[in-house]
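Working notes, beginning with the structure itself.
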Amino acid sequence: MTSILSPSIGVRTHSFVSVLLHSHPFQPFFKQHKPHSCRPFWLYKRSFSVFSKMTNVGASSPKEFPLGLDASFEEEYAAQSSLLQDFTSIPTIDKAWTFTSDGGSQGMFSMSQPNLLANKKRRYILPCHISKGIANAVSFQWAAFPIEMSNVSMMVPSPSGSKLLVVRNPENDSPTKFEIWGSSLVEKEFCVPASFHGSVYADGWFEGISWNSDETLIAYVAEEPAPSKPTFTTFGYKKEKSTDKECGSWKGQGEWEEEWGEAYAGKRQPALFVIDVNSGEVRPVEGIGKSLSVGQVVWAPSGEGLPQYLVFVGWPSDTRKLGIKYCYNRPCALYAVRTPFSKKEVDQSGTNAANDVAPIKLTQSISSAFFPRFSPDGKSLIFLSARSSVDSWAHSATDSLHRIDWSFSGKPTPDATIVDVVPIVMCPEDGCFPGLYCFSVLSRPWLSDGYTMILSSIWGSTQVIISVNVLSGNVSRISPGDSSFSWNLLALDGDNIIAVCSSPVDVPAIKYGSLVRKESAEPSWSWFDVSSPISRCSEKVTSLLSLRQFSIMKIPVRDISENLTKGASKPYEAIFVSSKRQSRNVCDPLIVVLHGGPHSTSLSSFSKSLAFLSSLGYSLLIVNYRGSLGFGEEAVQSLPGKIGSQDVNDVLAAIDHVIEKGLADPSKIAVLGGSHGGFLTTHLIGQAPDKFAAAVARNPVCNLALMVGTSDIPDWCYAETFGDKGKSSFTEATSAEHLDAFYRKSPILHISKVRTPTLFLLGAKDLRVPMFTGLQYARALKEKGVDVKVVMFPEDNHALDRPQSDFESFLNIGVWLKKFCK
């Protein structure tokens, strides 16, 4: 259900791997083989002296191999781990900021790199100076070394760029630290105790930190303080309050509070706060009820002397909190609320305005609104909407962009007209804009004209950079139209763009785009390569990648029926990665790679894990089957109700396509998928049992009838199984009829036919596709005598993205495929 290397069932995917998809109380299904030459010590003669026996114990005892390894594959394990280490160490560019300075601009790049020993990401900053020459030429002068940002959760520059907010979230119940940095020193430092609020949200969804225009106040989203719990002593319940560490007492649990599912276990309700940068005083934003989770806060422009308002996104949860990670089908709206630092004023009716604290719902007529951004002149509020997801129940679908006219004077009103800027694209013409698929928006995404917005969006199997005129609705692709690489927007430098560009065989590189204005024609963009230390990697990796190539294939739809919409009848795509030196007579083994979701996309961007597998000598067929994002709404909506058939047939057709072209040997094909990609993997080895030499499933959906009662998104099971009837059929008390339908859609229906050796990688803390569905399937295969290996990661959730887990996962994948598919 997420990108194969991806974090969640409901993933839309950003970079392709940022999402494949782990002993635990359950022992993995491993066999240990002792070398025949090693005899047990007790078989030796008993006439040895004590000294002889002692010296011979070490010499004659069998070598002990790690669980799951034997002598034949230990060397392979060691060799592949060395190569994987080289790929793993390649840094990832996470964010960038620019600041105006004399003689050009200053840039600041935030990067991360796995720290395998600490099992967490190492984050650091690399500054640079950006200077521009004649003919728009640009030069980046980089600092000699990066600066590690230890224990930093977030960094947010102020609007002028003269200050930097650094947030350090606590490890336990320690205070949250806020630091205000100037150009050369820490100017202020504040500590907010856990009794006031918990960690500041830095998750990319509820996350929101916003400076006001005069840089005196900062609004942010943090966890509510922990609720008080009942205290007990040896005499029973204690009525008076007490501290956790009070001797002779213990804390009970109290009533269970529901969370937002996968990736939010242990996270408390997000709430709004405002801190005064000068005094350090923190105030909660009042008037927001417990049934509304908040996020993505921004300051609203206001006239001089008038009350200040905050605009935020609110997600209601009156009955149940269904999983929200990568699930854009959760209803949400924009709200405006008075800031707690507003001066008390009396309106014309004599009412004290400071007491008017109830949030105002700004988007009454639309079911979804998020990523609010005000235009530079403050006259327009722009936002994205996933209304198609909310209305259809598909966890992700085609976005739309909207505008509300904003007034500086008076109180915001709930009846503002919502203008459609970019509507949902149902069926794009060939080569034309397929619709919006955005996962993030810069805090300041505007060009100097004040009405052109720069965004990253999916376009087929690539990510591109587009410009949107929010007045006319005109959309233009501004990253090179002839590029099959994926482009991701990092920052704006005035009317210039800093982006990162990569492909399955090219590590990320920084690009600089300059706007070229012409009097008699549409503006155009010139793109420049930027030499940077960020894109450097080991000589071994560089050499191996130089021998690989990729292309994006169009796969015709088989058996087009009259019931299919035009968008569902168009060809879908697959990314094919292969050797430049491949002989026409001998094909490299093929790995079929399947993303999760199912409504996400495998992008033509660089994935360290997939590049590692490719460098081992495999071709990759990365299939964006119908239902993937980036091809229009009709293609997305063609899949719900047809999972296990339409998507399976699309994958089989893509495999046959490359076989017919002589690019793959039908006897050497493996399949790899995570989440819904694991659903497809286990379906394929059951429906086409003779087609695959090996399979790998990461947190796979194997039995929907088991998943529906244990997942954080049971509605997903209904939507994908029953299609447009899923929403009306949903109930927490699943009927026997529905359980039967779920079972018949599941891979476990076909398990009697499976013969393919299969590796399972499972996260014991997965709330999205709980491990029991994969474990049940693996045990059933083991019972049948099929070669099975299970690796269980006891502390991982659905994404399996902790550094050590990710490393061990792909090392096991490489060795498993070498064993069965070489």
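The values are calculated or read from the model by the stated rules, or taken from the named source; none is laboratory data. Values in this document were obtained by computation on a predicted structure and should not be read as measured data. Heads up, the Cβs are rebuilt from the backbone with ideal geometry, glycines too, and the neighbour counts pull from every protein chain shown. Accessible surface is based on the protein model in full, side chains and every heavy atom, while ligands, DNA and RNA are left aside. Shrake-Rupley method; radii C 1.70, N 1.55, O 1.52, S 1.80 Å.
What to note about this one:
- Leading residue by the ranking (modelled with the lowest pLDDT) among those in region 291-318 that are in a loop (DSSP other than H, G, I, E, B) and closer than 27 Å to PHE190 by Cα: PRO307
- For region 580-588, the criterion of being of a type in the set (A, V, I, L, M, F, W, C) and at pLDDT 95 or above is satisfied by no residue at all.
- Any hit, region 505-522, residues being open to solvent by less than 40 Å² (accessible area, probe 1.4 Å), of a type in the set (D, E, K, R) and within 26 Å of ASP399 (Cβ to Cβ): yes
- Which numbered condition GLU189 misses (of (1) more than 26 Å from ASN329 (Cα to Cα); (2) at pLDDT 95 or above; (3) surrounded by 14 or more Cβ atoms within 10 Å (Cβ to Cβ)): (3)
Every residue, every condition in (1) modelled with pLDDT of 95 or more; (2) in contact with a Pro (Cβ under 9 Å, 6 or more places away or on another chain); (3) assigned by the TED database to the domain that holds PHE273, yes or no:
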{"position": "PRO114", "(1), (2), (3)": "yes, yes, no"}
{"position": "ASN119", "(1), (2), (3)": "yes, yes, no"}
{"position": "GLY133", "(1), (2), (3)": "no, no, no"}
{"position": "SER139", "(1), (2), (3)": "no, no, no"}
{"position": "ALA144", "(1), (2), (3)": "no, no, no"}
{"position": "PRO157", "(1), (2), (3)": "yes, no, yes"}
{"position": "SER162", "(1), (2), (3)": "no, no, yes"}
{"position": "SER195", "(1), (2), (3)": "no, yes, yes"}
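- Members of region 463-479 that are among the polar types (S, T, N, Q) and open to solvent by 10 Å² or more (accessible area, probe 1.4 Å): GLN463, SER467, ASN469, SER472, ASN474, SER476
- Per-region count, region 593-609, residues aliphatic (A, V, I, L, M) and either in the same structural domain as LYS325 (by the TED database) or more than 20 Å from LEU811 (Cβ to Cβ) (or both): 2
- Any strands (runs of 3 or more DSSP E) falling wholly within region 519-638 and containing at least 1 residues that are in contact with a Pro (Cβ under 6 Å, 6 or more places away or on another chain): 548-555, 572-579
- Contact map, region 453-464: first residue part of a loop (DSSP other than H, G, I, E, B), second residue β-branched (Val, Ile, Thr) and open to solvent by 10 Å² or more (accessible area, probe 1.4 Å), Cβ cut-off under 7 Å, separation 6 or more or different chains; pairs are SER461/ILE552.
- Subset of region 604-619 [more than 22 Å from PRO803 (Cα to Cα) and either open to solvent by less than 10 Å² (accessible area, probe 1.4 Å) or in contact with a Leu (Cβ under 6 Å, 6 or more places away or on another chain) (or both)]: SER604, TYR618, SER619
- The listed residues are SER228, SER242, and the only one of them that is modelled with pLDDT under 90, under 30 Å from PHE341 (Cα atoms) and out of contact with any Cys (no Cβ under 7 Å at 6 or more places or on another chain) turns out to be SER228.
- Some residue of region 158-166 being more than 23 Å from ILE510 (Cβ to Cβ), open to solvent by 40 Å² or more (accessible area, probe 1.4 Å) and in a strand (DSSP E or B): no
- Residues of region 311-323 classified as surrounded by 24 or more Cβ atoms within 10 Å (Cβ to Cβ) and more than 24 Å from ALA358 (Cβ to Cβ), total: 1
- Filter result (among the β-branched types (Val, Ile, Thr) and assigned to a helix (DSSP H, G or I)) within region 782-822: ILE813, VAL815
- So GLU262, is it under 34 Å from the mean Cα position of the chain (by Cα), at pLDDT 95 or above and assigned to a loop (DSSP other than H, G, I, E, B): yes
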